[in-house]
Structures are given as C-alpha cells and as structure tokens.
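Working notes, beginning with the structure itself.
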C-alpha cells in the first residue's frame, strides 16, 4: 500500500490497518456431537430416559444465574419479541439513557435458531438415541462497555451445548489503547478521521494480534454465563475458540472530504472497469482457471457490484462467503476491507493438527484462533494488492515510458537477457499469468505457471523436466527486468511494486478500445 500512499501523498494524512469487526465462536467440542454428549452423560450418570429433565434443569440454572447477575448489577434484562430488532442500537440507547460508560449495559434475550439435542427412538434398533438437530431456544446477549476492549457483546445459547459467540471491534479496542497511551485522535462512529501519531496508533493496533485469545475469550464467556461453572462443576468442558467472521480494514485518511471526493469516482470506475473479477476474487484464495473462469467444482456465487448508500458508494467483490470491499467513510476516509468467513481457501505454514512437533507444510487455514495471525496477514496482503492497483488510477506516466526499460535487453548476474515485448502474444501471456489474483497473496511457483503458459503439460518425466526449465527461464527474465522478486527460503515469486504498476497499466491498455486510447493522447 506504500505505492498508493506515495502516489497520493499530498492528499493523505495517515493510514491504519487492523481488525474491524471480529466474531468468535466458542464451542464445547465434547458436547457438540452426539457421541461426545453421550460420553458426558455417562460421566454424569444420566440415562437418556432422564435426559429432558437433566438438560432443563441445567438451562434453568443458567437462566437463574443470569437473572441474579443483572439484578445484582442493577442493569435491565429485556426480552425482545422480534429477533430482527437491532440489539446493538437497543443497548446503545440504554447506555445513553442511563449514562453507562463502563461495565454491563444490559442483558437482552430473544428466541433464535440453534443447534441442540433431542432424544429419539431408533426404528431399527428399537433403542433410544441422541440426535443433534436444528431447533429454537432463548439466547442471551450481554452488552458491555469494557475498559480494555470498548463496546462488545456475548451471545449465549441457553440450551446444551451452550455455544457462545463473542463480537469485538478492533477500532473500539484501539480507542481504549490510545486513551491509556495519551494519543490524540478524532473519531466518528467506528472510524478514525485523524490520528495525532499514526505510526504509534498502528503499533498499538498490531499489539492486538499478540493477545492471548483463549484466555481473553474465556474470561468474556464466563462473564456472560455465570451459571455454567455450576452446571459443569463435576466435569468441566473447555471452550474451543474459532473466528467465525473477521473484517480486516485498511483505512487511508485524506486531508479533506473534497480531496477524497475528487478521486473516489476514478477509484470505483477502476474497480469495475479494470480489475477483472477473476483477479480480484483470486485474492480470496480461490483457484482460477487459465481462461479466468472459476474452477468447475466451485458452486458459490461470484460477483462484483457497486452500490450507492446514504453515506457514499461501496464496491464489493465477493467469492462465496469471503469478499473485498472498498468504500468511503465519514467523507474523508477510504477503506479497503477483506472479510473472511471461510478461511479454508487460504494457506498457512504449519504442522499437521494434533502433531505440533511434526514437519511444517503449507496447509489450509483453520478457523481456530491459532491461525488468526495468519488470517490477518493474508487479509492485509489482499488489501495492499487492491490499493496497489488503485495507485495506477492517476498514473500520468505514458505507457511508452513505463515500458521503455523492459523493452531493452538487460544484464543480470553476468547474463545478457532479451528485451520484453509486452504487447506481443508470448510475453503478454506471460505477464497476464504472473499478474493473476491468486498469486498476489501467496506468490507464484514454476508449477503454477506451467499450465497457464503451455498448451499441454508433459506426461513423461523428461518432458516435464524440459518444460520446467523453460518456465524457469521465463521467470528469470521477469526477475531480471524487476517485475518479479523471489520470496526468501521458498520456490515462490511475487510481483514487485514497479511490476504491479506496469502490469495494471498494460491490463488497462489491452481492455481500452480505440476511441478511449485516442482520447487519452
């Protein structure tokens, strides 16, 4: 994102990247499946014939403890008839009315869908069995103004297996950090429009990534369910914490609304006209075929759309349950945000789960908080690539000047390498291949390029070796011209900032018609 900041430095007063909204899920894994629940009931010496009475008593204990808690703290416990009613707005209205600045604001309850257990008779075996299924039960929302984390809430399912969700906001958290550090800022809604020391604020936000997440979340869950320890006193079952949804936002603060308003239409047009859906969606970890189409076994909806909202425009590139958004906030802040609900398409370098001392490999990214740091990393990379692309929107350097250097032979490590022909069929195919979106986060390898550059991948070992060597020479050519750089201690290569500017300009030129090109002269 440095290229974007450098390009518009005269208009920008600061940047800030970090988590926005975070929604965690706490699951008692032993109790989250029928087999584990049966083992727990055996420990408790509870027969299936007594199951209904046992779980009802547990729910009554949990509910009674929450009622006592609200009474002891003098805070309201409200039942909402409509589950669609905004609970956050209700809680904030109560906080304003009662002047709450710290601690519990209110407890809100409503009936919502859940996953819980029921006892059924197996027709074949003629035996009772436990089944997990979709039901509805009472949920409790505890809203807090926390001294460390700011506004947050917990959502507790009052039936077994007592699943809990916790929602935090990184910007809320940061405001408390800056208050303690004595750093000045101007905040509007959930957005900082000015920071007295942007670098110091970024360091504080980076500290959030090093939190002891299990300990932090366990403490919040215990506050929102004071009766659970009593229910599970004989056989405690810990929560397993996963990140159900994460929003990682990169904010670029402009000096004035007028400065952003002058540039924003071009940014949105660039997102629609220049960025291909295949490229942008591939930022989100999805494989894209050589013809820019999503692989045939992918069934989720893929789209790019632009919407007008009361507070401004918003462009969204979605791929299944993950997406990248760009929008303007509070008039003077441009936000690029990566939202991950399904992390599996991304990769993390880790050992096999359950074998922490084993060999590390690139494996799928897990929802568990153990991989939250990597989730932040790939989200930031996606945001940076998006902003790097936007950096070329106002690029005034003529295309001929941008390509002049690569159109001349170069010497690299004692070798003389040929000039590139960016508009020629062979080199254009190579440049398009390395600029594909799925390579921008994790980098590109020789084996990734072979199916894109070759009409047919060799079937014999000798032929594959020859093709690998040919692609290696093409990678070397791009490295020599400063378009690719090698990722240390790996077989991967990433596009440089200079290469990104050139590749984006070439992509725009290839998609422009003759009329647009003549108007640009």
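The values are calculated or read from the model by the stated rules, or taken from the named source; none is laboratory data. Owing to the predicted nature of the structure, the values given are computational and were not obtained by experimental measurement. So basically every Cβ, Gly included, is an ideal-geometry build from the backbone, and we count neighbours across all protein chains shown.
If the condition is being exposed (fewer than 11 other Cβ atoms within 10 Å of the Cβ) and at negative phi, then region 350-359 contributes 355, 356, 357, 359. Among helices (runs of 4 or more DSSP H) entirely within region 152-235, having at least 3 residues that are farther than 24 Å from residue 60 by Cβ singles out 170-181, 198-207, 213-224.
Just checking, does region 188-211 include any residue being modelled with pLDDT of 95 or more, within 30 Å of residue 36 (Cβ to Cβ) and out of contact with any helix residue (DSSP H, G or I) (no Cβ under 6 Å at 6 or more places or on another chain)? Yes, region 188-211 contains at least one residue that is modelled with pLDDT of 95 or more, within 30 Å of residue 36 (Cβ to Cβ) and out of contact with any helix residue (DSSP H, G or I) (no Cβ under 6 Å at 6 or more places or on another chain). For region 236-262, residues that are over 30 Å from residue 165 (Cα atoms), touching a strand residue (DSSP E or B) at 6+ places or on another chain (Cβ under 8 Å) and surrounded by 16 or more Cβ atoms within 10 Å (Cβ to Cβ) total 4.
Comparison of 363, 408 shows that the only residue that is assigned to a strand (DSSP E or B) and surrounded by fewer than 18 Cβ atoms within 10 Å (Cβ to Cβ) is 363. Note on region 309-324: residues that are in contact with a strand residue (DSSP E or B) (Cβ under 9 Å, 6 or more places away or on another chain) and farther than 20 Å from residue 274 by Cα amount to 6. Taking the criterion of being under 36 Å from the mean Cα position of the chain (by Cα) and not in a helix (DSSP H, G or I), would at least one residue in region 86-93 satisfy it? Yes, because at least one residue in region 86-93 is under 36 Å from the mean Cα position of the chain (by Cα) and not in a helix (DSSP H, G or I).
If the condition is being under 30 Å from residue 74 (Cα atoms) and surrounded by 13 or more Cβ atoms within 10 Å (Cβ to Cβ), then region 126-149 contributes 137, 138, 139, 140, 141, 142, 143, 144, 145, 146, 149. Do we have residue 446 as within 26 Å of residue 379 (Cα to Cα) and at pLDDT 90 or above here? Spelling it out, residue 446 is indeed within 26 Å of residue 379 (Cα to Cα) and at pLDDT 90 or above. Here region 6-38 is the region considered, the condition is being more than 30 Å from residue 212 (Cα to Cα) and not assigned by TED's automatic domain parsing to the domain that holds residue 389, and the residue that is farthest from the chain's Cα centre (by Cα) is 38. Regarding region 431-451, can at least one residue be identified that is more than 29 Å from residue 267 (Cα to Cα) and not in a helix (DSSP H, G or I)? The answer is yes; a qualifying residue exists.
Looking at region 68-85, which of its residues are surrounded by 10 or more Cβ atoms within 10 Å (Cβ to Cβ), assigned to a loop (DSSP other than H, G, I, E, B) and over 30 Å from the mean Cα position of the chain (by Cα)? 75, 76, 80 - these are the residues of region 68-85 that are surrounded by 10 or more Cβ atoms within 10 Å (Cβ to Cβ), assigned to a loop (DSSP other than H, G, I, E, B) and over 30 Å from the mean Cα position of the chain (by Cα). When the test is whether a residue is at negative phi, in a strand (DSSP E or B) and buried (at least 20 other Cβ atoms within 10 Å of the Cβ), residue 337 passes it.
Determine whether region 98-105 contains at least one residue that is farther than 19 Å from residue 147 by Cα and in the same structural domain as residue 140 (by TED's automatic domain parsing). The answer is no; no qualifying residue exists. The condition of being farther than 30 Å from residue 49 by Cβ and part of a strand (DSSP E or B) holds for residue 107. Residue 198 meets all of the listed conditions (1) closer than 19 Å to residue 74 by Cα; (2) surrounded by 14 or more Cβ atoms within 10 Å (Cβ to Cβ) but one, namely (1). Would you confirm, using the coordinates I've provided, whether residue 113 is more than 30 Å from residue 39 (Cα to Cα), in the same structural domain as residue 231 (by TED's automatic domain parsing) and either at pLDDT 95 or above or in contact with a strand residue (DSSP E or B) (Cβ under 9 Å, 6 or more places away or on another chain) (or both)? So residue 113 does not fit the description; no.
On the basis of being within 30 Å of residue 235 (Cα to Cα) and either crowded, with 16+ Cβ neighbours inside 10 Å or not assigned by TED's automatic domain parsing to the domain that holds residue 58 (or both), does residue 158 make the cut?
Yes, satisfied.
Test residue 35 against the criterion of being loosely packed, with under 14 Cβ neighbours inside 10 Å and closer than 30 Å to residue 383 by Cα, and give yes or no. Criteria not met by residue 35.
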